[in-house]
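The structure appears below as structure tokens.
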There are 2 protein chains.
Amino acid sequence: MAGLREGLPSEALLTDPDITASYRTDMASFCPAGDPAVVVVPRTVEQVQHVMRTASALRVPVVPQGARTGLSGAANATDGCVVLSLARMDRVLEIDPVNRIAVVEPGVVNATLSRTLAEQGLYYPPDPSSWEQCTIGGNIGTGSGGLCCVKYGVTAEYVLGLEVVLADGRLISTGRRTAKGVAGYDLTRLFVGSEGSLGIVVRAVLALRPKPNPALVLAAEFPSGAAACDAVCRIMESGLVPSLLELMDNTTIGAVNAMAQMGLPDSTQALLLAAFDTPDARDRLAEVGRLCLAAGATEVVPADDAAESEMLLQARRLSLVALETLGTTMIDDVCVPRARLGELIDGVAGIAERVGLTIGVCAHAGDGNTHPVVVFDADDPDQARRARESFDEIMALGLELGGTITGEHGVGVLKKEWLARELGPEVLELQRGIKRVFDPLNLLNPGKVF
Amino acid sequence: MAGLREGLPSEALLTDPDITASYRTDMASFCPAGDPAVVVVPRTVEQVQHVMRTASALRVPVVPQGARTGLSGAANATDGCVVLSLARMDRVLEIDPVNRIAVVEPGVVNATLSRTLAEQGLYYPPDPSSWEQCTIGGNIGTGSGGLCCVKYGVTAEYVLGLEVVLADGRLISTGRRTAKGVAGYDLTRLFVGSEGSLGIVVRAVLALRPKPNPALVLAAEFPSGAAACDAVCRIMESGLVPSLLELMDNTTIGAVNAMAQMGLPDSTQALLLAAFDTPDARDRLAEVGRLCLAAGATEVVPADDAAESEMLLQARRLSLVALETLGTTMIDDVCVPRARLGELIDGVAGIAERVGLTIGVCAHAGDGNTHPVVVFDADDPDQARRARESFDEIMALGLELGGTITGEHGVGVLKKEWLARELGPEVLELQRGIKRVFDPLNLLNPGKVF
């Protein structure tokens with residue numbers, strides 16, 4: 001501790017147990033977590049280097065954190081660790097409209113960056129539902145997705161270069177500031193989604209796009225999840241490129257209505273939201289409407305304008321939070337090829353019935369990325385057991401359907417055992433080999449991912 | 001050799017020295033190359049596994065090859081190696097319009113895949129100038145770019161998953177078939193651009209897009225490279241998203257005219273080609289035209305239709321080949337932030353004057369990715385020396401301007417020394433560490449990249 005204190009201003013070091021305890025967990029609060037020995041909130045790259053140098057010398061594990069909105073326990077503290085919160089390194093260092101890049105510190109909040117860019121006609125697409133809280137550093141650590149990915153792709157597509165403090169405190173640069181670049185192995189993409197286990201990202205060069213038109217949204221009601229999924233397939237097969245294609249099931253709709261009086265149609269079994277942000281949005285939405293009706297939609301309602309559209313998107317963004325009001329929740333993140341989405345949705349309904357628990361589903365349907373939310377009473381051990389059982393069955397079903405256990409939330413501690421099942425022993429061995437190259441002493445977020 | 005023969009059909013094993021000699025080099029023919037002991041042209045994954053198992057047991061280096069259109073010597077044979085040509089593994093295994101993916105073997109030619117996809121209204125964007133010859137496996141190994149990247153990005157953005165034979169013959173799968181996925185480290189992106197040094201790609205899951213409209217092109221003539229680069233900056237700053245933004249200098253224009261009687265305006269100093277593939281292409285081209293005139297264009301000529309547009313693109317695609325008719329060539333591949341493009345172009349002109357050689361420049365201007373082509377007489381040792389000197393000076397200038405030594409052609413043997421300069425010792429050490437994890441015996445394309 002003394003060594004740590006030497007190189008840091010006093011306000012960067014939090015040791016009051018009441019305060020450090022508040023840094024124990026991310027949003028996956030029922031995953032195992034420990035008590036940090038200390039929390040460091042640096043403001044400079046040099047301070048991060050000092051922390052890593054000291055931790056390396058003392059062989060103390062370091063758990064990096066952003067806004068702790070993660071859903072897999074990747075940012076959970078372990079007993080005696082140093083929590084390294086990057087939240088105060090939150091400057092936007094550069095916005096360059098000609099090169100369409102931004103250079104940011106890791107603690108910048110996603111929505112803050114988006115609003116700052118919008119003022120200059122620019123756009124950083126990845127938009128997790130937690131965008132008002134989550135940080136770019138956390139997004140990079142997790143490889144976050146969001147609602148716009150069906151058109152714009154995920155975080156990995158937007159990180160051009162990084163500055164990273166290694167486990168031993170050395171600072172490296174990866175990647176580039178240019179549109180193209182293939183000089184050596186792509187370390188930048190290796191850091192994206194590595195959940196803080198390979199190094200501490202202290203600076204990122206992000207690729208930007210011109211700001212699109214405000215999205216126009218259409219809502220379509222379906223008598224079943226399967227019919228809504230059929231519509232998704234028809235839309236994607238037709239060659240349309242919606243900027244958003246989202247699904248909420250009946251449980252989710254009810255929860256959102258109860259929480260925010262959104263007036264969503266609560267008798268419908270599945271609500272599909274489609275959006276376009278192109279000049280021809282109205283025409284494209286009309287095509288989507290026709291495809292939805294052909295797939296069995298009972299009602300198709302285009303939003304009148306951007307404001308009404310934004311309200312529908314707001315309802316969708318509230319889904320996870322609204323489902324959390326129903327009880328303790330386990331939030332899954334299975335992604336399947338979109339043609340298998342109907343099978344997944346039906347399968348989840350079957351699992352819910354068998355275990356006798358409510359499982360609400362909202363989904364980035366255009367990506368085949370679902371968030372089944374298992375609702376249970378944490379004080380009832382039998383319910384908790386059945387919740388975990390159903391949570392695992394959903395991942396097994398996702399793998400069976402050719403999918404992945406995590407589309408955008410990451411592995412953390414929640415899905416460690418399942419990672420081995422998805423990757424197999426050979427790939428896991430290679431990943432562990434890479435971890436050893438970057439962090440031979442296993443100090444960076446140990447016990448996560450693998 | 002006997003061990004190799006046992007597991008392979010006889011037609012898969014080429015041993016005639018006249019034939020094996022034709023597999024010595026890729027298109028960077030003046031880079032060092034050796035004589036392969038044998039060339040294997042497998043048709044199945046099992047045959048590739050057999051080759052790697054045998055090579056591992058005998059500690060014989062293996063050099064993977066596609067169409068050998070590479071420009072950095074990455075596919076050059078070394079003395080006594082096994083050349084593993086993936087050219088006959090050329091099947092398109094699956095095209096899935098709902099999930100917008102294709103599954104292909106590595107030997108599929110880029111243009112063949114593109115045409116097959118176009119029949120189903122689908123599009124695989126990366127389009128290197130060599131697209132009529134180059135293979136998808138080679139594109140993945142190099143991390144290829146092309147002409148469309150300014151809108152659609154590079155190969156790394158389109159590879160979702162891989163099957164890879166490791167150095168010891170084991171077969172692994174990486175990545176996914178889904179739109180999203182963050183299960184463990186991104187090994188897929190690590191293989192992209194690794195130049196055959198980490199494993200043999202035997203199957204790839206590629207992300208597709210809906211086929212866009214045929215591009216409409218505008219040609220703008222400029223009195224200087226700097227004015228053309230200024231136009232590029234104005235276009236990108238304005239928020240326009242051209243599907244192509246290419247530059248040809250006076251030398252390149254002359255060479256293309258001489259070779260193909262294209263009738264390009266050969267008195268102009270720099271020709272800028274801009275294209276759009278959206279429904280509003282004509283309007284967008286008109287905006288580009290205005291921005292070009294504001295930047296000093298002397299003439300702005302929109303193509304009348306898709307056919308005339310295609311002819312202009314054809315002229316651009318011929319640039320490298322045309323410049324090669326002027327003498328022996330060294331083709332550089334420096335990519336800079338696009339705002340620095342003018343400085344690079346001016347700098348190259350200065351270098352050409354100082355060394356007394358012709359250096360033609362064509363560029364993916366929208367990406368800041370230039371291909372200065374140094375023309376010299378290989379029989380004149382002094383010219384050869386000056387050519388290499390200027391080639392190196394161009395890379396030094398690129399790094400000075402915040403760019404990279406290779407935007408899309410890779411490192412191979414041509415730029416090994418320069419890689420160390422770009423990455424620095426720490427990053428190089430990490431990259432070598434990764435290489436050791438995948439290929440502890442250093443059998444996969446040894447002596448390349450590092």
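The values are calculated or read from the model by the stated rules, or taken from the named source; none is laboratory data. Computed from a prediction, not measured in an experiment: that's the story for all the values here. Cβ placement follows ideal geometry from the backbone for every residue including glycine, while neighbour counts extend to all protein chains displayed.
Inside the stretch B:297-323, can you point out the residues that are surrounded by 17 or more Cβ atoms within 10 Å (Cβ to Cβ) and in contact with a strand residue (DSSP E or B) (Cβ under 8 Å, 6 or more places away or on another chain)?
Taking the stretch B:297-323 first, the residues surrounded by 17 or more Cβ atoms within 10 Å (Cβ to Cβ) are B:297, B:300, B:302-303, B:309, B:312-313, B:315-320, B:322-323.
Those that are surrounded by 17 or more Cβ atoms within 10 Å (Cβ to Cβ) and in contact with a strand residue (DSSP E or B) (Cβ under 8 Å, 6 or more places away or on another chain): B:Ala297, B:Val300, B:Pro302, B:Ala303, B:Ser309, B:Leu312, B:Leu313, B:Ala315, B:Arg316, B:Ser319, B:Leu320, B:Leu323.
One line per residue, one yes/no per condition, for (1) in contact with a Pro (Cβ under 9 Å, 6 or more places away or on another chain); (2) surrounded by fewer than 21 Cβ atoms within 10 Å (Cβ to Cβ); (3) part of a helix (DSSP H, G or I):
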| residue | (1), (2), (3) |
| --- | --- |
| A:Pro32 | no, yes, no |
| A:Thr54 | no, no, yes |
| A:Ala67 | no, no, no |
| A:Val83 | yes, no, no |
| A:Arg88 | yes, yes, no |
| A:Leu93 | no, yes, no |
Among the numbered criteria (1) in contact (Cβ under 8 Å) with a residue 60 or more places away in the chain; (2) over 25 Å from B:Ser173 (Cα atoms), which single criterion is violated by B:Ala77?
(1)
Show the residue pairs that are 6+ apart or on different chains and have beta-carbon atoms under 9 Å apart, the first residue being within the stretch B:2-19 and part of a helix (DSSP H, G or I) and of a type in the set (Lys, Arg), the second being modelled with pLDDT of 95 or more and surrounded by 14 or more Cβ atoms within 10 Å (Cβ to Cβ).
B:Arg5/B:Leu13
Which one of A:Val375, A:Val413 is under 30 Å from A:Leu273 (Cα atoms), in contact (Cβ under 8 Å) with a residue 40 or more places away in the chain and of a type in the set (A, V, I, L, M)?
A:Val375
Look at A:Thr298 and say whether it is within 23 Å of A:Glu393 (Cα to Cα) and of a type outside the set (D, E, K, R).
no
Find the residue count for the stretch B:20-30, including only residues that are part of a loop (DSSP other than H, G, I, E, B) and loosely packed, with under 15 Cβ neighbours inside 10 Å.
2
Selected residue [buried (at least 18 other Cβ atoms within 10 Å of the Cβ), touching a helix residue (DSSP H, G or I) at 6+ places or on another chain (Cβ under 6 Å), part of a strand (DSSP E or B) and touching a residue at least 12 places away in the same chain (Cβ under 8 Å)] from A:Val39, A:Val63:
A:Val39
For A:Leu122, state whether it is in contact with a Pro (Cβ under 8 Å, 6 or more places away or on another chain) and buried (at least 23 other Cβ atoms within 10 Å of the Cβ).
no
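Do you know which of the residues in the stretch A:162-177 that are in contact (Cβ under 8 Å) with a residue 40 or more places away in the chain and under 19 Å from A:Ile101 (Cα atoms) is nearest to the other protein chains (Cβ to nearest Cβ)?
Ranking the qualifying residues of the stretch A:162-177, first place goes to A:Arg177.
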If you take the residues of the stretch B:336-391 that are under 28 Å from A:Val98 (Cβ atoms) and among the basic types (Lys, Arg), which of them is surrounded by the fewest Cβ atoms within 10 Å (Cβ to Cβ)?
B:Arg340
Top-ranked residue in the stretch A:323-377 [being away from every other protein chain (no Cβ under 11 Å) and among the acidic types (Asp, Glu); ranked as farthest from A:Cys229 (Cα to Cα)]
A:Asp377
Residue satisfying all of: in the stretch B:411-435; at the interface with chain A (Cβ under 8 Å from one of its Cβ atoms) and over 25 Å from the mean Cα position of the chain (by Cα); farthest from B:Cys335 (Cα to Cα) among these
B:Gly433
Kindly list the number of the only condition in (1) closer than 24 Å to B:Gly366 by Cβ; (2) buried (at least 22 other Cβ atoms within 10 Å of the Cβ) that fails for A:Arg209.
(2)
Might you check whether a residue that is under 25 Å from A:Arg68 (Cα atoms), within 14 Å of another protein chain (Cβ to nearest Cβ), surrounded by 19 or more Cβ atoms within 10 Å (Cβ to Cβ) and out of contact with any Leu (no Cβ under 8 Å at 6 or more places or on another chain) occurs anywhere in the stretch A:96-118?
no
Considering only the stretch A:136-158, I want to know if a residue exists there that is farther than 27 Å from B:Val150 by Cβ, facing another protein chain (nearest Cβ under 7 Å) and touching a residue at least 60 places away in the same chain (Cβ under 8 Å).
yes
What pairs come out if I take residues in the stretch A:257-271 that are closer than 14 Å to A:Phe222 by Cβ and pair them with residues that are exposed (fewer than 15 other Cβ atoms within 10 Å of the Cβ) and at pLDDT 90 or above whose C-beta lies under 6 Å away, six or more apart or interchain?
A:Gln269/A:Pro223
Tally, over the stretch A:266-286, of residues that are surrounded by 18 or more Cβ atoms within 10 Å (Cβ to Cβ) and either within 14 Å of chain B (Cβ to nearest Cβ) or over 23 Å from A:Ala349 (Cα atoms) (or both)
8
Those residues of the stretch A:392-410 which are within 11 Å of another protein chain (Cβ to nearest Cβ), surrounded by fewer than 21 Cβ atoms within 10 Å (Cβ to Cβ) and not aliphatic (A, V, I, L, M), in sequence order:
A:Gly402
What about B:Ile200, is it in contact with a Pro (Cβ under 6 Å, 6 or more places away or on another chain) and either among the aliphatic types (A, V, I, L, M) or buried (at least 24 other Cβ atoms within 10 Å of the Cβ) (or both)?
yes
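Listed here are the residues, each with its yes/no results for (1) out of contact with any Asp or Glu (no Cβ under 8 Å at 6 or more places or on another chain); (2) free of Cβ contacts under 8 Å to residues at least 60 places away in the same chain; (3) of a type outside the set (Val, Ile, Thr).
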residue	(1), (2), (3)
A:Val334	yes, no, no
A:Ile351	no, yes, no
A:Asn369	no, no, yes
A:Asp382	yes, yes, yes
A:Ala396	yes, yes, yes
So is A:Pro125 within 20 Å of the chain's Cα centre (by Cα) and within 14 Å of chain B (Cβ to nearest Cβ) or not?
yes
Looking only at the stretch A:177-210, count how many residues are under 24 Å from the mean Cα position of the chain (by Cα) and within 29 Å of B:Leu344 (Cα to Cα).
12
